[in-house]
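The values are calculated or read from the model by the stated rules, or taken from the named source; none is laboratory data. Computed from a predicted model, the values in this text were never measured in an experiment. Methodologically, a virtual Cβ is constructed for each residue, glycine included, from the backbone with ideal geometry; neighbour enumeration extends over all protein chains shown.
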Amino acid sequence: MQPILFRFVVVTLMVLMLGGQCLAASENEWFVSTYGGQATENSIDDILSRDLKFEDSRFLVVALGKNLTIYKELIAVEAEGQVAKHWGYQDHFELNGDVVFRWLPFPWDDYLDTSFAVGEGLSYATQNPEIEKDKNGKTSKLLNYLAFEIAFEVPNVPGWSLFTRLHHRSGVFGLFNGVRGGSNALGAGIKYSWGGNTP
């Protein structure tokens with residue numbers, strides 16, 4: 001295992017296993033999720049404003065996470081580690097670790113419990129992704145990871161929720177190895193939470 005990959009895995013596991021003990025008001029709630037989707041040609045800022053154009057590249061993600069704390073019943077803070085498999089035009093694995101900030105209250109929660117989340121972290125691809133090379137001319141195995149998610153709790157089925165997520169990798173305007181640009185994918189999946197109160 002490459003040294004940078006080893007460090008990435010160790011740090012992600014430490015956050016997941018110890019993070020909840022380091023923060024007050026931890027719910028000690030774990031979750032596991034899986035989601036799949038497809039890469040899109042659209043940039044992150046025009047996904048909602050233009051017609052979607054999909055690439056011939058699909059992916060499946062399995063994630064394990066933990067709820068670290070909840071602030072005033074408004075925002076949940078979570079840590080998450082992911083393993084993703086890409087196939088189609090690009091064929092590689094991807095490891096992601098992120099901290100997720102989840103906004104909890106919505107006016108219609110009595111009818112459909114909804115949350116909105118933003119995740120920020122690191123993404124490591126086992127090969128330089130072909131789509132990123134084609135779009136940007138340059139990429140890197142290690143890039144920034146960003147996620148936007150809307151989740152809906154399954155009514156009358158405690159612990160289960162459905163969600164849709166924007167899965168984004170980028171160089172953050174050259175911060176990562178001089179990479180400008182990145183890749184986007186849209187997915188949907190299911191999550192199961194246990195060991196505490198489900199946000």
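Check whether at least one residue in the range 106-116 is surrounded by 13 or more Cβ atoms within 10 Å (Cβ to Cβ), within 15 Å of Ala185 (Cβ to Cβ) and either touching a Leu at 6+ places or on another chain (Cβ under 8 Å) or of a type in the set (A, V, I, L, M) (or both), and report yes or no. I'd like the intermediate steps shown before the answer.
Going residue by residue through the range 106-116, those that are surrounded by 13 or more Cβ atoms within 10 Å (Cβ to Cβ) are 106, 113-116.
Applying the additional criterion that residues be within 15 Å of Ala185 (Cβ to Cβ) yields none.
No; the residues of the range 106-116 include none that is surrounded by 13 or more Cβ atoms within 10 Å (Cβ to Cβ), within 15 Å of Ala185 (Cβ to Cβ) and either touching a Leu at 6+ places or on another chain (Cβ under 8 Å) or of a type in the set (A, V, I, L, M) (or both).
If you check Tyr71 against the conditions, is it surrounded by fewer than 21 Cβ atoms within 10 Å (Cβ to Cβ) and either at pLDDT 95 or above or touching a helix residue (DSSP H, G or I) at 6+ places or on another chain (Cβ under 7 Å) (or both)? First the steps, then the outcome.
Values: surrounded by fewer than 21 Cβ atoms within 10 Å (Cβ to Cβ): yes; either at pLDDT 95 or above or touching a helix residue (DSSP H, G or I) at 6+ places or on another chain (Cβ under 7 Å) (or both): no.
Criteria not met by Tyr71.
In the set Gly81, Gly19, Gly37, which member is over 21 Å from Lys135 (Cα atoms) and at pLDDT 55 or above? Don't jump to the end; show me each part of the working.
Working: Gly19 fails: at pLDDT 55 or above; Gly37 fails: over 21 Å from Lys135 (Cα atoms).
It is Gly81.
Please enumerate the residues belonging to the range 80-93 that are part of a strand (DSSP E or B) and over 16 Å from Ser33 (Cα atoms). Spell out the reasoning first.
First pass over the range 80-93, keeping only residues part of a strand (DSSP E or B): 80-88, 92-93.
Those that are part of a strand (DSSP E or B) and over 16 Å from Ser33 (Cα atoms): His86, Trp87, Gly88, His92, Phe93.
Mind listing just one residue for me: the one in the range 117-138 that is among the aliphatic types (A, V, I, L, M) and out of contact with any helix residue (DSSP H, G or I) (no Cβ under 8 Å at 6 or more places or on another chain) and, of those, surrounded by the fewest Cβ atoms within 10 Å (Cβ to Cβ)? So that I can check it myself, show each step before the final result.
If we filter the range 117-138 for residues that are among the aliphatic types (A, V, I, L, M), which is where we start, we get 117-118, 122, 125, 131.
Cutting the leftovers down to out of contact with any helix residue (DSSP H, G or I) (no Cβ under 8 Å at 6 or more places or on another chain) gives us 117-118, 125, 131.
On the way: Ala117: 22, Val118: 15, Ala125: 22, Ile131: 23.
For the range 117-138, the residue satisfying everything is Val118.
Can Leu162 be described as among the aliphatic types (A, V, I, L, M) and either crowded, with 16+ Cβ neighbours inside 10 Å or within 18 Å of Asp45 (Cβ to Cβ) (or both)? I'd like the intermediate steps shown before the answer.
Numbers: among the aliphatic types (A, V, I, L, M): yes; either crowded, with 16+ Cβ neighbours inside 10 Å or within 18 Å of Asp45 (Cβ to Cβ) (or both): no.
The answer is no for Leu162.
Restricting attention to the range 143-191, which residues are assigned to a loop (DSSP other than H, G, I, E, B) and touching a residue at least 24 places away in the same chain (Cβ under 8 Å)? Give the steps one after another, and end with the answer.
Quick first cut of the range 143-191, residues assigned to a loop (DSSP other than H, G, I, E, B) only: 154-159, 171-181.
Answer for the range 143-191, where residues must be assigned to a loop (DSSP other than H, G, I, E, B) and touching a residue at least 24 places away in the same chain (Cβ under 8 Å): Pro155, Pro158, Gly159, Gly171, Val172, Leu175, Phe176, Asn177, Gly178, Val179, Arg180, Gly181.
Search the range 125-142 for residues that are over 12 Å from Phe176 (Cβ atoms) and pair each with any residue that is among the β-branched types (Val, Ile, Thr) and in a loop (DSSP other than H, G, I, E, B) when their beta-carbon atoms are under 7 Å apart and the residues are at least 6 apart or on different chains.
Hits for this filter: Asn128/Thr139; Pro129/Thr139; Lys133/Thr139.
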